[in-house]
Amino acid sequence: MKYKTLKGLQDILPPEIRAWQHIEATARDIFRAYGYQEIRLPILESTDIFIRSIGETSDIVEKEMYTFQDKGGRSVTLRPEGTASFVRAYVEHHLHNNPAPQKFYYMGPMFRYERPQAYRYRQFYQIGAEAMGIEDPRLDAEIISMLARILHGIGLEGLNFELTSIGCKGCRPAYREALRDFLGDRLSSFCSDCQRRYELNPLRILDCKVPECITARKGSPPVLHYLCAECKTHFDSLKHNLDLLKVPHTVNPNLVRGLDYYTKTAFEVTSESLGSQKAVAAGGRYDGLVDEFGGPPTPGIGFAMGMERIIPLLKSSDTASGPELFICPLNQEAAEKAFLIAEELRTRGLWVESNYESASLKSQMRKANRISAENVVVFGGDELKNKQVVIKNMIDKSEVSVNLVVDEFIKILRKIGSR
Ligand code: ATP
Ligand code: MG
(Lines give C-alpha, C1' and ligand atoms only; values in the text may rest on other atoms or scores of the structure.)
(Ligands and ions follow the chains in the order given, each with its own letter.)
Protein backbone atom coordinates (compact mmCIF):
# COMPACT_ATOMS: atom_id res chain seq x y z
CA MET A 1 0.00 0.00 0.00
CA LYS A 2 1.29 3.42 -0.91
CA TYR A 3 0.05 5.70 1.87
CA LYS A 4 -0.29 5.02 5.58
CA THR A 5 -0.90 7.04 8.75
CA LEU A 6 2.23 8.46 10.31
CA LYS A 7 3.85 6.43 13.09
CA GLY A 8 2.05 6.92 16.40
CA LEU A 9 -1.10 8.36 14.77
CA GLN A 10 -4.28 6.39 14.17
CA ASP A 11 -7.56 6.56 12.28
CA ILE A 12 -10.60 6.09 14.47
CA LEU A 13 -13.13 4.19 12.41
CA PRO A 14 -16.93 4.05 12.83
CA PRO A 15 -17.25 0.85 14.92
CA GLU A 16 -15.15 2.48 17.62
CA ILE A 17 -16.78 5.90 17.42
CA ARG A 18 -19.79 4.81 19.46
CA ALA A 19 -17.55 4.33 22.49
CA TRP A 20 -15.93 7.76 21.89
CA GLN A 21 -19.32 9.45 21.67
CA HIS A 22 -20.52 7.64 24.81
CA ILE A 23 -17.51 8.98 26.73
CA GLU A 24 -17.94 12.51 25.36
CA ALA A 25 -21.70 12.59 26.04
CA THR A 26 -21.28 11.32 29.61
CA ALA A 27 -18.57 13.89 30.28
CA ARG A 28 -20.67 16.75 28.82
CA ASP A 29 -23.67 15.85 31.03
CA ILE A 30 -21.58 15.79 34.18
CA PHE A 31 -19.65 18.98 33.26
CA ARG A 32 -23.00 20.72 32.88
CA ALA A 33 -24.14 19.73 36.37
CA TYR A 34 -20.92 21.17 37.82
CA GLY A 35 -21.18 24.37 35.78
CA TYR A 36 -18.24 23.74 33.41
CA GLN A 37 -18.59 25.34 29.98
CA GLU A 38 -16.92 24.22 26.79
CA ILE A 39 -14.01 26.18 25.36
CA ARG A 40 -12.43 25.43 21.96
CA LEU A 41 -8.86 26.50 21.49
CA PRO A 42 -6.44 26.42 18.54
CA ILE A 43 -4.33 23.32 18.09
CA LEU A 44 -1.35 25.44 17.05
CA GLU A 45 0.21 28.00 19.38
CA SER A 46 3.34 30.07 19.63
CA THR A 47 6.12 27.80 20.97
CA ASP A 48 6.99 30.15 23.88
CA ILE A 49 3.64 29.42 25.50
CA PHE A 50 4.60 25.83 26.16
CA ILE A 51 8.22 26.50 27.08
CA ARG A 52 7.19 29.15 29.56
CA SER A 53 4.51 27.05 31.30
CA ILE A 54 5.48 23.39 30.99
CA GLY A 55 9.12 24.22 31.67
CA GLU A 56 12.35 24.15 29.70
CA THR A 57 13.67 21.05 31.47
CA SER A 58 10.48 18.97 31.19
CA ASP A 59 10.45 15.90 28.93
CA ILE A 60 7.64 17.44 26.90
CA VAL A 61 9.60 20.57 26.01
CA GLU A 62 13.00 18.90 25.75
CA LYS A 63 11.98 15.93 23.61
CA GLU A 64 8.34 15.64 22.71
CA MET A 65 7.08 18.78 20.99
CA TYR A 66 6.11 19.05 17.34
CA THR A 67 7.73 22.40 16.76
CA PHE A 68 8.37 23.98 13.36
CA GLN A 69 8.64 27.31 11.61
CA ASP A 70 5.57 28.57 9.77
CA LYS A 71 5.90 30.41 6.46
CA GLY A 72 6.29 33.68 8.32
CA GLY A 73 9.34 32.33 10.17
CA ARG A 74 7.57 32.08 13.56
CA SER A 75 8.21 29.11 15.79
CA VAL A 76 4.92 27.33 16.33
CA THR A 77 4.04 24.10 18.17
CA LEU A 78 1.20 21.59 17.96
CA ARG A 79 -0.20 21.67 21.48
CA PRO A 80 1.16 18.86 23.67
CA GLU A 81 -1.45 19.53 26.36
CA GLY A 82 -4.38 21.85 27.03
CA THR A 83 -3.66 23.92 30.13
CA ALA A 84 -1.02 26.21 28.63
CA SER A 85 -3.28 27.20 25.72
CA PHE A 86 -6.19 27.57 28.09
CA VAL A 87 -4.34 29.95 30.39
CA ARG A 88 -3.17 31.95 27.35
CA ALA A 89 -6.85 32.35 26.34
CA TYR A 90 -7.95 33.06 29.92
CA VAL A 91 -5.57 35.99 30.13
CA GLU A 92 -6.06 37.16 26.53
CA HIS A 93 -9.85 37.42 26.92
CA HIS A 94 -9.80 38.71 30.53
CA LEU A 95 -11.92 35.76 31.64
CA HIS A 96 -10.78 36.54 35.21
CA ASN A 97 -13.27 39.43 35.18
CA ASN A 98 -16.16 36.95 35.41
CA PRO A 99 -17.31 35.78 38.85
CA ALA A 100 -15.07 33.06 40.30
CA PRO A 101 -14.89 30.18 39.98
CA GLN A 102 -14.77 30.32 36.19
CA LYS A 103 -15.07 26.73 34.97
CA PHE A 104 -14.22 25.34 31.53
CA TYR A 105 -13.80 22.05 29.74
CA TYR A 106 -12.27 21.06 26.42
CA MET A 107 -12.00 17.98 24.22
CA GLY A 108 -9.51 17.47 21.45
CA PRO A 109 -6.23 16.13 20.10
CA MET A 110 -2.80 16.67 21.65
CA PHE A 111 0.57 15.92 20.04
CA ARG A 112 3.74 14.55 21.61
CA TYR A 113 6.65 13.07 19.74
CA GLU A 114 7.00 10.05 22.05
CA ARG A 115 8.05 6.48 21.34
CA PRO A 116 4.75 4.87 20.27
CA GLN A 117 3.70 1.83 22.28
CA ALA A 118 0.48 0.40 23.73
CA TYR A 119 -1.75 3.25 24.91
CA ARG A 120 0.90 5.81 23.98
CA TYR A 121 0.44 7.70 20.74
CA ARG A 122 1.88 10.78 19.07
CA GLN A 123 -1.59 12.19 18.49
CA PHE A 124 -3.93 11.39 21.36
CA TYR A 125 -7.18 12.88 22.59
CA GLN A 126 -7.85 14.45 25.94
CA ILE A 127 -10.92 15.64 27.75
CA GLY A 128 -9.84 18.26 30.25
CA ALA A 129 -11.31 20.68 32.77
CA GLU A 130 -9.99 23.87 34.37
CA ALA A 131 -11.44 25.81 37.35
CA MET A 132 -10.11 29.28 38.07
CA GLY A 133 -10.09 31.90 40.77
CA ILE A 134 -10.64 29.87 43.96
CA GLU A 135 -7.91 28.76 46.37
CA ASP A 136 -10.21 26.83 48.68
CA PRO A 137 -9.33 23.10 48.84
CA ARG A 138 -13.02 22.33 48.55
CA LEU A 139 -12.70 23.21 44.87
CA ASP A 140 -9.86 20.67 44.59
CA ALA A 141 -12.08 18.02 46.20
CA GLU A 142 -15.01 18.99 43.99
CA ILE A 143 -13.08 18.74 40.71
CA ILE A 144 -11.59 15.37 41.72
CA SER A 145 -15.08 14.17 42.67
CA MET A 146 -16.38 15.36 39.29
CA LEU A 147 -13.60 13.42 37.55
CA ALA A 148 -14.54 10.32 39.56
CA ARG A 149 -18.19 10.71 38.54
CA ILE A 150 -17.26 11.06 34.88
CA LEU A 151 -15.06 7.96 34.93
CA HIS A 152 -17.65 5.92 36.82
CA GLY A 153 -20.44 7.29 34.59
CA ILE A 154 -18.52 6.08 31.55
CA GLY A 155 -18.47 2.64 33.15
CA LEU A 156 -14.92 2.32 34.48
CA GLU A 157 -14.28 0.45 37.70
CA GLY A 158 -11.32 -0.44 39.86
CA LEU A 159 -9.51 2.88 39.44
CA ASN A 160 -7.05 4.27 41.98
CA PHE A 161 -7.13 7.95 42.84
CA GLU A 162 -3.66 8.93 44.00
CA LEU A 163 -2.79 12.34 45.33
CA THR A 164 -0.07 14.39 46.90
CA SER A 165 0.95 17.96 47.45
CA ILE A 166 4.07 19.29 45.80
CA GLY A 167 4.22 22.56 47.73
CA CYS A 168 4.28 26.16 46.59
CA LYS A 169 6.75 28.94 45.74
CA GLY A 170 7.27 29.39 49.49
CA CYS A 171 8.27 25.86 50.48
CA ARG A 172 9.74 24.57 47.22
CA PRO A 173 13.22 26.18 47.58
CA ALA A 174 13.89 24.32 50.85
CA TYR A 175 12.74 21.07 49.28
CA ARG A 176 14.83 21.67 46.16
CA GLU A 177 17.93 22.13 48.35
CA ALA A 178 17.20 18.96 50.35
CA LEU A 179 16.80 17.07 47.10
CA ARG A 180 20.01 18.52 45.69
CA ASP A 181 21.91 17.47 48.83
CA PHE A 182 20.60 13.93 48.50
CA LEU A 183 21.15 13.62 44.74
CA GLY A 184 24.56 15.34 44.74
CA ASP A 185 26.19 12.36 46.48
CA ARG A 186 25.14 9.92 43.76
CA LEU A 187 25.10 12.12 40.69
CA SER A 188 27.36 9.83 38.65
CA SER A 189 24.68 7.09 38.74
CA PHE A 190 22.23 9.27 36.82
CA CYS A 191 21.78 9.67 33.06
CA SER A 192 23.30 12.69 31.33
CA ASP A 193 19.88 14.40 31.10
CA CYS A 194 19.49 14.14 34.88
CA GLN A 195 23.02 15.44 35.47
CA ARG A 196 22.03 18.53 33.55
CA ARG A 197 18.68 18.72 35.34
CA TYR A 198 20.54 18.62 38.66
CA GLU A 199 21.80 22.12 38.02
CA LEU A 200 18.71 23.54 36.30
CA ASN A 201 15.75 21.86 38.00
CA PRO A 202 16.50 18.87 40.28
CA LEU A 203 12.77 18.17 40.76
CA ARG A 204 12.63 16.92 37.19
CA ILE A 205 15.01 14.08 38.11
CA LEU A 206 12.12 12.53 40.06
CA ASP A 207 10.19 12.17 36.79
CA CYS A 208 12.97 10.54 34.75
CA LYS A 209 11.90 7.17 33.29
CA VAL A 210 15.46 5.76 32.82
CA PRO A 211 15.69 2.58 35.00
CA GLU A 212 19.13 3.51 36.45
CA CYS A 213 17.76 6.88 37.55
CA ILE A 214 14.70 5.28 39.16
CA THR A 215 17.03 3.06 41.22
CA ALA A 216 19.49 5.83 42.04
CA ARG A 217 16.85 8.20 43.37
CA LYS A 218 15.38 5.64 45.81
CA GLY A 219 15.19 7.03 49.33
CA SER A 220 15.12 10.68 48.24
CA PRO A 221 13.49 13.06 50.75
CA PRO A 222 9.68 13.04 50.45
CA VAL A 223 8.18 16.37 49.42
CA LEU A 224 5.36 16.04 51.97
CA HIS A 225 7.93 16.52 54.78
CA TYR A 226 8.84 19.94 53.42
CA LEU A 227 5.40 21.54 53.03
CA CYS A 228 4.89 24.94 54.62
CA ALA A 229 1.99 25.38 57.07
CA GLU A 230 -0.32 26.74 54.37
CA CYS A 231 0.33 23.88 51.95
CA LYS A 232 -0.02 21.31 54.73
CA THR A 233 -3.39 22.74 55.85
CA HIS A 234 -4.55 22.83 52.23
CA PHE A 235 -3.61 19.19 51.70
CA ASP A 236 -5.22 18.01 54.98
CA SER A 237 -8.39 19.86 54.10
CA LEU A 238 -8.44 18.36 50.59
CA LYS A 239 -8.28 14.83 52.05
CA HIS A 240 -11.01 15.68 54.56
CA ASN A 241 -13.29 17.07 51.85
CA LEU A 242 -12.72 14.04 49.62
CA ASP A 243 -13.79 11.88 52.57
CA LEU A 244 -16.91 14.04 52.94
CA LEU A 245 -17.72 13.51 49.24
CA LYS A 246 -16.93 9.79 49.60
CA VAL A 247 -14.24 9.76 46.94
CA PRO A 248 -11.82 6.93 47.81
CA HIS A 249 -8.20 8.06 47.46
CA THR A 250 -4.70 7.21 48.56
CA VAL A 251 -1.76 9.49 49.25
CA ASN A 252 1.18 8.72 47.00
CA PRO A 253 4.14 10.82 48.17
CA ASN A 254 6.16 9.67 45.15
CA LEU A 255 3.73 11.11 42.61
CA VAL A 256 5.49 13.59 40.35
CA ARG A 257 4.01 15.45 37.47
CA GLY A 258 5.86 16.03 34.22
CA LEU A 259 4.98 19.72 34.06
CA ASP A 260 6.63 22.52 35.99
CA TYR A 261 3.60 24.68 36.63
CA TYR A 262 1.96 22.59 39.34
CA THR A 263 1.66 23.82 42.93
CA LYS A 264 0.11 22.17 46.00
CA THR A 265 -2.38 19.51 44.85
CA ALA A 266 -1.27 16.94 42.25
CA PHE A 267 -3.21 13.81 41.41
CA GLU A 268 -3.36 10.88 39.07
CA VAL A 269 -6.00 8.25 38.33
CA THR A 270 -4.55 4.86 37.43
CA SER A 271 -5.80 1.48 36.31
CA GLU A 272 -3.78 -1.70 36.80
CA SER A 273 -5.38 -3.15 33.64
CA LEU A 274 -3.32 -0.82 31.45
CA GLY A 275 0.11 -2.23 32.31
CA SER A 276 2.93 0.26 32.32
CA GLN A 277 0.96 3.14 30.72
CA LYS A 278 -1.46 3.10 33.62
CA ALA A 279 -2.38 6.79 34.05
CA VAL A 280 -5.94 7.35 32.79
CA ALA A 281 -6.17 10.93 33.98
CA ALA A 282 -4.01 13.41 35.82
CA GLY A 283 -4.08 16.96 37.05
CA GLY A 284 -3.27 19.45 39.72
CA ARG A 285 -3.28 22.99 40.95
CA TYR A 286 -1.37 25.75 39.16
CA ASP A 287 -1.66 28.85 41.32
CA GLY A 288 1.22 30.72 39.67
CA LEU A 289 0.50 30.20 35.99
CA VAL A 290 -1.89 33.06 35.22
CA ASP A 291 0.57 35.44 36.85
CA GLU A 292 3.36 33.94 34.73
CA PHE A 293 1.29 34.68 31.59
CA GLY A 294 0.87 38.32 32.52
CA GLY A 295 -2.58 38.10 34.10
CA PRO A 296 -3.53 39.06 37.65
CA PRO A 297 -2.43 36.46 40.24
CA THR A 298 -5.19 33.84 40.00
CA PRO A 299 -5.29 30.31 41.39
CA GLY A 300 -6.31 27.47 39.10
CA ILE A 301 -6.76 23.73 39.07
CA GLY A 302 -7.41 21.25 36.28
CA PHE A 303 -7.13 17.74 34.94
CA ALA A 304 -6.98 15.90 31.64
CA MET A 305 -7.99 12.36 30.85
CA GLY A 306 -6.68 10.30 27.95
CA MET A 307 -9.33 8.89 25.62
CA GLU A 308 -7.09 6.13 24.21
CA ARG A 309 -6.57 4.79 27.73
CA ILE A 310 -10.28 4.91 28.66
CA ILE A 311 -11.57 3.14 25.52
CA PRO A 312 -9.76 -0.18 26.20
CA LEU A 313 -11.20 -0.22 29.74
CA LEU A 314 -14.80 -0.11 28.50
CA LYS A 315 -16.84 -3.28 28.43
CA SER A 316 -17.69 -4.58 24.97
CA SER A 317 -21.45 -4.16 25.63
CA ASP A 318 -21.10 -0.69 24.17
CA THR A 319 -20.08 -1.85 20.72
CA ALA A 320 -21.62 -0.72 17.46
CA SER A 321 -25.15 -1.63 16.44
CA GLY A 322 -26.90 -1.18 13.12
CA PRO A 323 -30.02 0.47 11.65
CA GLU A 324 -33.43 0.10 13.25
CA LEU A 325 -34.91 -1.15 9.98
CA PHE A 326 -33.70 -2.68 6.73
CA ILE A 327 -36.21 -2.78 3.86
CA CYS A 328 -35.79 -5.55 1.26
CA PRO A 329 -37.61 -4.74 -2.00
CA LEU A 330 -38.23 -7.69 -4.32
CA ASN A 331 -39.15 -5.81 -7.52
CA GLN A 332 -38.70 -2.37 -9.11
CA GLU A 333 -42.06 -1.02 -7.90
CA ALA A 334 -41.26 -2.20 -4.37
CA ALA A 335 -37.80 -0.57 -4.59
CA GLU A 336 -39.44 2.78 -5.29
CA LYS A 337 -41.86 2.32 -2.37
CA ALA A 338 -38.95 1.36 -0.10
CA PHE A 339 -37.04 4.47 -1.23
CA LEU A 340 -39.99 6.68 -0.22
CA ILE A 341 -40.85 4.97 3.07
CA ALA A 342 -37.17 5.00 4.13
CA GLU A 343 -37.09 8.76 3.63
CA GLU A 344 -40.30 9.30 5.63
CA LEU A 345 -39.11 7.12 8.51
CA ARG A 346 -35.78 9.00 8.60
CA THR A 347 -37.56 12.34 8.94
CA ARG A 348 -39.20 10.78 12.01
CA GLY A 349 -35.76 10.02 13.45
CA LEU A 350 -35.33 6.33 12.68
CA TRP A 351 -32.19 4.94 11.10
CA VAL A 352 -33.44 3.09 8.02
CA GLU A 353 -31.53 1.41 5.19
CA SER A 354 -32.84 -0.21 2.05
CA ASN A 355 -31.63 -1.67 -1.21
CA TYR A 356 -31.75 0.81 -4.08
CA GLU A 357 -32.72 -1.96 -6.46
CA SER A 358 -34.52 -5.26 -6.11
CA ALA A 359 -32.34 -8.30 -5.48
CA SER A 360 -32.85 -11.85 -4.27
CA LEU A 361 -34.25 -12.10 -0.76
CA LYS A 362 -31.28 -14.23 0.26
CA SER A 363 -28.67 -11.65 -0.72
CA GLN A 364 -30.64 -8.84 0.92
CA MET A 365 -31.00 -10.78 4.18
CA ARG A 366 -27.26 -11.43 4.13
CA LYS A 367 -26.65 -7.69 3.78
CA ALA A 368 -29.12 -6.87 6.60
CA ASN A 369 -27.18 -9.24 8.84
CA ARG A 370 -23.80 -7.80 7.89
CA ILE A 371 -24.87 -4.30 8.83
CA SER A 372 -26.50 -5.58 12.06
CA ALA A 373 -30.01 -4.36 11.19
CA GLU A 374 -32.33 -4.72 14.19
CA ASN A 375 -35.47 -5.32 12.07
CA VAL A 376 -36.15 -6.37 8.51
CA VAL A 377 -39.23 -5.92 6.34
CA VAL A 378 -39.83 -7.43 2.89
CA PHE A 379 -41.64 -5.48 0.16
CA GLY A 380 -42.81 -7.86 -2.57
CA GLY A 381 -45.73 -8.03 -5.03
CA ASP A 382 -48.20 -9.45 -2.48
CA GLU A 383 -47.20 -6.98 0.23
CA LEU A 384 -47.76 -4.00 -2.04
CA LYS A 385 -51.06 -5.36 -3.32
CA ASN A 386 -52.47 -6.12 0.16
CA LYS A 387 -50.75 -3.13 1.81
CA GLN A 388 -49.69 -5.51 4.59
CA VAL A 389 -46.11 -6.30 5.64
CA VAL A 390 -44.31 -8.32 8.31
CA ILE A 391 -41.62 -6.64 10.43
CA LYS A 392 -39.16 -9.24 11.61
CA ASN A 393 -37.01 -8.61 14.67
CA MET A 394 -33.53 -9.96 13.91
CA ILE A 395 -32.54 -10.21 17.57
CA ASP A 396 -35.39 -12.27 19.09
CA LYS A 397 -36.83 -13.47 15.72
CA SER A 398 -40.35 -12.28 16.59
CA GLU A 399 -42.63 -11.12 13.76
CA VAL A 400 -45.38 -8.48 13.68
CA SER A 401 -47.82 -7.94 10.82
CA VAL A 402 -48.68 -4.27 10.16
CA ASN A 403 -50.39 -2.14 7.54
CA LEU A 404 -48.04 -0.51 5.05
CA VAL A 405 -48.38 2.87 6.76
CA VAL A 406 -45.52 4.95 8.19
CA ASP A 407 -47.30 5.59 11.51
CA GLU A 408 -47.76 1.88 12.12
CA PHE A 409 -44.06 1.24 11.38
CA ILE A 410 -43.11 3.94 13.87
CA LYS A 411 -45.35 2.49 16.59
CA ILE A 412 -43.84 -0.97 16.26
CA LEU A 413 -40.20 0.10 15.83
CA ARG A 414 -40.31 2.52 18.77
CA LYS A 415 -41.81 -0.21 20.98
CA ILE A 416 -39.05 -2.61 19.96
CA GLY A 417 -36.41 0.10 20.48
CA SER A 418 -37.57 0.86 24.02
CA ARG A 419 -37.34 -2.76 25.18
P1 ATP B 1 2.58 9.47 31.23
O2 ATP B 1 3.24 9.45 32.56
O3 ATP B 1 1.77 8.24 30.94
O4 ATP B 1 3.50 9.87 30.13
P5 ATP B 1 1.81 12.21 31.42
O6 ATP B 1 2.11 12.55 32.83
O7 ATP B 1 2.78 12.59 30.37
O8 ATP B 1 1.48 10.63 31.31
P9 ATP B 1 -0.31 14.12 31.27
O10 ATP B 1 0.49 15.16 30.63
O11 ATP B 1 -0.64 14.26 32.70
O12 ATP B 1 0.36 12.70 31.01
O13 ATP B 1 -1.65 13.88 30.42
C14 ATP B 1 -2.89 13.46 31.02
C15 ATP B 1 -3.36 12.16 30.43
O16 ATP B 1 -3.25 12.15 29.02
C17 ATP B 1 -2.57 10.95 30.85
O18 ATP B 1 -2.99 10.50 32.10
C19 ATP B 1 -2.87 9.97 29.75
O20 ATP B 1 -4.13 9.34 29.97
C21 ATP B 1 -2.98 10.85 28.54
N22 ATP B 1 -1.75 10.83 27.75
C23 ATP B 1 -0.62 11.53 27.94
N24 ATP B 1 0.29 11.25 26.98
C25 ATP B 1 -0.29 10.34 26.15
C26 ATP B 1 0.12 9.67 24.96
N27 ATP B 1 1.31 9.89 24.41
N28 ATP B 1 -0.74 8.81 24.38
C29 ATP B 1 -1.97 8.59 24.91
N30 ATP B 1 -2.41 9.18 26.02
C31 ATP B 1 -1.60 10.06 26.65
MG1 MG C 1 4.27 11.62 29.32
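Laid out as a table, the results:
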quantity	calculated
Dipole of the chain, positive direction: furthest Cα of Ile12, Tyr261, Ile23, with charges on the beta-carbon	Ile12
Listed residue pairs exceeding 29 Å between alpha carbons, taken from Lys7/Lys278; Lys63/Lys239; Lys2/Lys209; Lys2/Lys362	Lys63/Lys239; Lys2/Lys209; Lys2/Lys362
Accessible-area composition of the chain, carbon plus sulfur, in percent [1.4 Å probe]	51
Per-peptide average of other Cβ atoms within 10 Å, ordering 303-313, 6-16 highest first	303-313, 6-16
Surface accessible to a 1.4 Å probe, Ser46 within the full protein complex, Å²	50
About the Cα centre, charge dipole magnitude for the chain (Lys/Arg +1, Asp/Glu -1 at Cβ), debye	740
Largest-first principal axis extents, alpha carbons of the stretch 87-150, Å	42, 30, 16
Estimated Rh, the stretch 325-417: Kirkwood, alpha-carbon pairs, angstrom	12.9
Glu230 accessible area, 1.4 Å probe, all protein chains in place, Å² to nearest 10	110
Solvent accessible area, Å² - His93, 1.4 Å probe, full protein context	110
Integer Hz, Karplus 6.51/-1.76/1.60 couplings in order for the stretch 293-298, x for Gly and Pro	8, x, x, x, x, 9
Under 5 Å, built H, 5+ apart or other chain: amide partners of Met110	Phe124, Tyr125, Gln126
Relative contact order (percent, whole number), the chain, Cα cutoff 8 Å, 6+ residue spacing	15
Cβ-based net charge around Phe190, under 13 Å, with every Lys or Arg adding one and every Asp or Glu removing one	+3
Viscosity 1.567 mPa s, temperature 4 °C, Stokes-Einstein D of the chain from Kirkwood C-alpha radius, µm²/s	52
Interchain or long-range residues, amide H under 5 Å from Asn355's placed H	Ile327
Loop-located trypsin sites (Lys or Arg not before Pro) in the stretch 60-155, at most 12 other Cβ atoms within 10 Å (DSSP)	Lys71, Arg74
Accessible area expressed per residue, the stretch 325-417, with surrounding protein chains retained (probe 1.4 Å, Å²)	58
Estimated 222 nm signal from helices in the chain, with DSSP H stretches of n ≥ 4 weighted -39500 (n - 2.57), rounded to 500	-11000 deg cm²/dmol
Cleavage-rule hits, chymotrypsin sites (Phe, Trp or Tyr not before Pro), the stretch 138-222, DSSP coil, Cβ neighbours within 10 Å at most 10	none
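The values are calculated or read from the model by the stated rules, or taken from the named source; none is laboratory data. Quantities reported herein were computed from a predicted structural model and do not represent experimental measurements. Note that we place each Cβ from the backbone using ideal geometry, even for glycine, and neighbour counts take in every protein chain shown. Heavy atoms of the whole protein, side chains included, go into the accessibility calculation; ligands, DNA and RNA do not. Shrake-Rupley method; radii C 1.70, N 1.55, O 1.52, S 1.80 Å.
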